[in-house]
Amino acid sequence: MGKYCQICKKGTMSGNNVSHSMRHTRRIWAPNTQRVRVIVGGTVCHMHVCTRCLRSGKVQRAL
């Protein structure tokens, strides 16, 4: 599941597209997640992490 942050549990949100004539169609907003290598408990693993968590330093990247 790529559109889900494994750190802050942020997922997709749903709502409506509303046109000029006020017709409603369903749509989703997905967080910007990246699959990165992180260090968890001294081991390196891959996780789906949103860019807000990457930018704020909530994970330690393994480069």
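The values are calculated or read from the model by the stated rules, or taken from the named source; none is laboratory data. These numbers come from a predicted model, not from an experiment. Note: ideal-geometry Cβ built from the backbone for every residue, glycine included; neighbour counts use all protein chains shown. Please note that ligands, DNA and RNA were not included when accessible areas were found on the heavy atoms of the full protein model with its side chains. Shrake-Rupley method; radii C 1.70, N 1.55, O 1.52, S 1.80 Å.
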Q: Residues being assigned to a strand (DSSP E or B) and either surrounded by 15 or more Cβ atoms within 10 Å (Cβ to Cβ) or not polar (S, T, N, Q) (or both): count how many of those fall in segment 1-27.
A: 6
Q: Output the qualifying pairs, or none if there are none: Cβ atoms under 8 angstrom, residues six or more apart or on different chains, first residue in segment 30-49 and touching a residue at least 12 places away in the same chain (Cβ under 8 Å), second residue aliphatic (A, V, I, L, M) and open to solvent by 50 Å² or more (accessible area, probe 1.4 Å).
A: ARG37/VAL44; ARG37/LEU63; VAL38/VAL44; MET47/ILE7; MET47/VAL40; HIS48/MET1; VAL49/ILE7
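Given the criteria at pLDDT below 95 and surrounded by 10 or more Cβ atoms within 10 Å (Cβ to Cβ), does ALA30 qualify? Working first, answer last.
Details: at pLDDT below 95: no; surrounded by 10 or more Cβ atoms within 10 Å (Cβ to Cβ): yes.
In short, no.
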Q.
Between VAL44, VAL38, VAL59, which is of a type in the set (Val, Ile, Thr), under 17 Å from the mean Cα position of the chain (by Cα) and assigned to a strand (DSSP E or B)?
A. VAL38
